[in-house]
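Scroll down for the structure; my scribbles are underneath it.
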Amino acid sequence: MGIFDRFKNEDKSPERKPDFKPDTTGELKDFHPYETGLAQAVQALSDELRGKGIPESRPCSREQFIALLAGISALRRTPGIPGPSQDCPDYFTTLPRCAAPEAEAECRAHLEKVFGITDGQSLLEFCRKEICCHSQYLDFVGFWENRPPFDMAELNEDAAGFFQAARNFSAQFYPIVGHKGYLAWDICECVGHLRTGYACGILDRGELDELAEHWIVQARAFENWADFAVSLVCGELYWDFRHGSKLPELNKGLELWTRLVRILMEDGTAWGSGMWYEPAE
């Protein structure tokens, strides 16, 4: 169920697969971007990352790529999971495990207290309900490109007002990220939770590999880590917006996440390595 589904008079919209091919024909409809200054800052970040030179792409293993997709999670301090260390040069390209049963219990307690995650199913439900927002962006794109995914009459008055506000907020990023929208946010945060779930034993290796495959496929939409980083920051800003943040809080979030992606982009053992997974044909 999407964020707007509970407001619909009747649910008629089928499940859709993401489409990353932009529609360059015709004029955009109902396209009224908010003027917040956030888009200009994101564009400046994009220019900065590309201006520094994109690291030459080099191959990596599937496991390394899963770890890299969870780069932001690796920067966070999670109880029970070892943090970055100069003694571990492959920190960003390995999947951690809790070192002892006590650490595993500490990590599980953290997941339950903060996110309500107690097993694999609740982890997936949390990601689906609380993190993923790229599908909403694709709904907005559908209206802008004159191929609406549902009839606005399906929404009640409150939902229609919120939908229009969220659509107008997102419109400011469309010229920058196109159809990639908030996909990197979904990927990075969801894979980050898979990383944590695997570390404390909520997921076994087979489950991790199976669940990560979806996000590995989705990541093919991106050209490189700079491309990924810009989508990630836009997604974080939207996530904050839909949870009620006003412009001062949004600017603080922008500052924080800009700093985080710079750390990863400037680290030769993380995104700055240029490592990118290309599955064998």
> How many residues are over 15 Å from residue 192 (Cα atoms) and hydrophobic (A, V, I, L, M, F, W, C) if we restrict to the stretch 80-97?
Replying inline: 1
> So which of 187, 176 is assigned to a helix (DSSP H, G or I), β-branched (Val, Ile, Thr), surrounded by fewer than 19 Cβ atoms within 10 Å (Cβ to Cβ) and touching a residue at least 24 places away in the same chain (Cβ under 8 Å)?
Replying inline: 176
> Looking at the stretch 148-161, which of the residues that are touching a residue at least 12 places away in the same chain (Cβ under 8 Å) and out of contact with any helix residue (DSSP H, G or I) (no Cβ under 8 Å at 6 or more places or on another chain) is least open to solvent (accessible area, probe 1.4 Å)?
Replying inline: 154
>> I'm checking my understanding of the structure. Among residues of the stretch 107-139 that are of a type outside the set (Asp, Glu), touching a Ser or Thr at 6+ places or on another chain (Cβ under 7 Å) and farther than 21 Å from residue 173 by Cα, which one is surrounded by the most Cβ atoms within 10 Å (Cβ to Cβ)?
In response: 111
> What number goes with the only condition from (1) open to solvent by 30 Å² or more (accessible area, probe 1.4 Å); (2) over 26 Å from residue 260 (Cα atoms); (3) among the acidic types (Asp, Glu); (4) out of contact with any helix residue (DSSP H, G or I) (no Cβ under 9 Å at 6 or more places or on another chain) that residue 145 does not pass?
Replying inline: (1)
>> Can you go through 232, 260 and tell me which one is within 24 Å of residue 65 (Cα to Cα), open to solvent by 10 Å² or more (accessible area, probe 1.4 Å) and modelled with pLDDT of 95 or more?
In response: 260
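The values are calculated or read from the model by the stated rules, or taken from the named source; none is laboratory data. For clarity, every value in this text was computed on a predicted model and none was experimentally measured. As a convention, Cβ positions derive from the backbone with ideal geometry for all residues, glycine included, and neighbour counts pool all protein chains shown. Protein only, heavy atoms only, side chains kept; ligands, DNA and RNA dropped before computing areas. Shrake-Rupley method; radii C 1.70, N 1.55, O 1.52, S 1.80 Å.
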